[in-house]
Amino acid sequence: MRAIARSISQCRSALQHQACQYSSGFVRRQKLLTNTYSGFVYKHANNAEFDIFQRPRFSVISRALSIDAAHVSNGDENRAGPLVEYERRIAAGELVDGDACQVGTLRELQRLYDELVQSADACRLDRYTASAKSGRSRWLWSRFIPQSSSSPVKGLYLYGGVGTGKTMLMDLFYDQLKCSWRKKRIHFHDFMLDVHRCLRKHKGVEDPLEVVAGEISDDAILLCLDEFMVTDVADALILNRLFGHLFSNGIILVSTSNRAPDKLYEGGLQRDLFLPFIASLKERCVVHEIGSAVDYRKLTSAEQGFYFVGKDLSGFLIQKFQQLIGEHEAGPQEAEVVMGRTLKVPLGADGIAYFPFEELCDRPMGAADYFGLCSDVREQGQTVVYS
């Protein structure tokens, strides 16, 4: 029976790899078809087009990007990665051309991608060949045979100003990874909420953090955390031990943040207990700053009018709210957020919530409340309106 199960697992792994290679081949063929693109146009979601940059200003950067991508793709037609995909998207007009800071960041992401491909077996990335031990059994086994297996590949910590494309670049990197790899991409606050949930589930175990770390690393060896920002003292006090276990289990961390590692949790309570985590983070990750001065948010959402400023616009939002709920009658409601807590909704109907600004943004609420509210709304496929 074990031999049969092993054969089925190997077949499944082979099929997964074949599907990924086919997908990569499709991207390469698409790239060849789009290399003739010669304009530099940014396309908004509503298909409107805006000429943002002129070619002469960025011609040197564009040539450097093409040379870097050529070095990645030449010599091995099966090579891929975020740098090649970035060039393809620029050629297709999906991205603005010529941000030198983003190109520098892409070189780091491409380096990490290449190292992961070369060390996939050593890093135990493939979910079909990795050990199937559960987090609790790993914890039990480690009581008898202490073991540590830090990854041979260092992760990457990207930081920089808002709107500089950190999340876009990390997502571009993540999308190029093999589908059979044990990987996970999640917002940092969502990640910490999951950690606290699991800690409550394993309450009573000698070291619940070790069990939780085992479950996380069983699920994903490559962990991509977006918007790494520590503001909660409860998070700050457990991060060092949690990531100590995670790094010992071979976790590779890729993260984005608005702050340099040394600035994390700056001015926070009992920060001296948090400082060992910063040292561990810098030891296990390459730290790279995205020094771009371009705020790409101002080139998109601001021009489309996603934000409405002015007291006279509250009536406009009320009208939009009425249009969204249709014939349903609006009234006060409650939404479950996290840990059994509820949030009062001043007006709600058909899964749509309306908040005055003060109710939503000028009260003692945390990230968990907002995530809980958005998750509740997202499950119903609706939205939140506030003025």
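Being more than 16 Å from residue 171 (Cα to Cα), out of contact with any Lys or Arg (no Cβ under 6 Å at 6 or more places or on another chain), part of a helix (DSSP H, G or I) and modelled with pLDDT under 85 is a property that residue 117 lacks.
For residue 240, indicate whether it is polar (S, T, N, Q) and either more than 20 Å from the chain's Cα centre (by Cα) or open to solvent by less than 50 Å² (accessible area, probe 1.4 Å) (or both). For residue 240, the condition - polar (S, T, N, Q) and either more than 20 Å from the chain's Cα centre (by Cα) or open to solvent by less than 50 Å² (accessible area, probe 1.4 Å) (or both) - is met. Residues of the range 154-172 that are open to solvent by 20 Å² or more (accessible area, probe 1.4 Å) and in a strand (DSSP E or B): 159 alone.
For the range 265-324, what are the residues that are modelled with pLDDT of 85 or more and either in a strand (DSSP E or B) or among the acidic types (Asp, Glu) (or both)? Matches in the range 265-324: 266, 272, 283, 285, 286, 287, 288, 289, 290.
Residue by residue through the range 99-109, note down the ones that are open to solvent by less than 10 Å² (accessible area, probe 1.4 Å) and modelled with pLDDT of 90 or more. Answer for the range 99-109, where residues must be open to solvent by less than 10 Å² (accessible area, probe 1.4 Å) and modelled with pLDDT of 90 or more: 105, 106, 109.
Annotation: residue 253 fulfils all but one of (1) loosely packed, with under 14 Cβ neighbours inside 10 Å; (2) in contact with a strand residue (DSSP E or B) (Cβ under 8 Å, 6 or more places away or on another chain); the unmet one is (1). Within the range 192-236, being open to solvent by 50 Å² or more (accessible area, probe 1.4 Å) and over 22 Å from residue 159 (Cα atoms) holds for 194, 197, 200, 201, 203, 204, 206, 215, 219.
Restrict the check to the range 175-183 and report whether at least one residue is surrounded by 15 or more Cβ atoms within 10 Å (Cβ to Cβ) and more than 20 Å from residue 128 (Cβ to Cβ). The answer is no, given that none of the residues of the range 175-183 is surrounded by 15 or more Cβ atoms within 10 Å (Cβ to Cβ) and more than 20 Å from residue 128 (Cβ to Cβ). In the range 201-224, is there at least one residue being touching an Asp or Glu at 6+ places or on another chain (Cβ under 9 Å), modelled with pLDDT under 90 and not in a helix (DSSP H, G or I)? Among the residues of the range 201-224, not one is touching an Asp or Glu at 6+ places or on another chain (Cβ under 9 Å), modelled with pLDDT under 90 and not in a helix (DSSP H, G or I), which makes the answer no.
The values are calculated or read from the model by the stated rules, or taken from the named source; none is laboratory data. Remember, predicted model here, so these are calculated numbers, not experimental data. As a convention, Cβ positions derive from the backbone with ideal geometry for all residues, glycine included, and neighbour counts pool all protein chains shown. In case anyone asks, the SASA skips ligands and DNA or RNA and just uses the protein heavy atoms, side chains included. Shrake-Rupley method; radii C 1.70, N 1.55, O 1.52, S 1.80 Å.
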